[in-house]
């Protein structure tokens, strides 16, 4: 694997983990009664690891893509990949609506543009 692809893979993996943690930080209150009215505990549990994953995701993706915009858009694309899946599986909200499916396809396109074009 080339260093560029390695850095993109590590960066995207870090962004996926960070986006997953952020999803739970924002949506646990809707999924489980226990999490309602516990914003401080939620922030203490999820903020530090999510921030670390975002930091490392930015580090590796910037090394591969050479610009902050590329890193940011890779992070955006991964958010639109993970959010519909977790929302469907845990909150039982369908991602199979035309609006959501178009957004998922666009997020994949954004990631591919950042990875495949210089």
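Every number here is computed from the coordinates shown, using simple stated rules; none is lab data. Model, not experiment: these values are computed from the prediction. Here the Cβ positions follow ideal geometry from the backbone for every residue, glycine too, while neighbour counts run over all protein chains shown.
How far is helix 98-116 tilted, in degrees, relative to the longest principal axis of the Cα atoms in the chain, given as a value from 0 to 90 rounded to the nearest 10?
Approximately 30 degrees, to the nearest 10.
Taking the beta-carbon count within 10 Å as an exposure proxy, list 101, 1, 95 from fewest neighbours to most.
Values: 101 12, 1 8, 95 16.
Listed from fewest to most nearby Cβ atoms, that is 1, 101, 95.
Within a 10 angstrom radius of the beta carbon, how do 43, 103, 116, 14 rank from fewest other beta carbons to most? Let's see the in-between values first.
Numbers: 43 12, 103 15, 116 7, 14 22.
Lowest to highest Cβ neighbour count: 116, 43, 103, 14.
For the chain, state the semi-axes of the equivalent ellipsoid (square roots of 5 times the eigenvalues of the alpha-carbon gyration tensor), sorted largest first and rounded to whole angstrom. Please report the intermediate quantities before stating the final value.
Values: eigenvalues 148, 72, 16 Å².
Working from the Cα gyration tensor, I get semi-axes of 27, 19, 9 Å.
What do you get for the angle between helix 3-31 and the principal long axis of the chain? Use alpha-carbon atoms, 0 to 90 degrees, nearest ten.
10 degrees
Below 8 Å, C-alpha to C-alpha, sequence gap of six or more: please give me the relative contact order for the chain in percent.
Values: 127 pairs, mean separation 36.6, N = 118.
Reported relative contact order: 31 percent.
When the helix-only estimate is applied to the chain (DSSP H runs of n ≥ 4, each -39,500 (n - 2.57), divided by the residue count), what is the mean residue ellipticity at 222 nm, nearest 500 deg cm²/dmol?
Values: 4 runs with 99 residues, N = 118.
Helix contribution divided over all residues of the chain: -29500 deg cm²/dmol.
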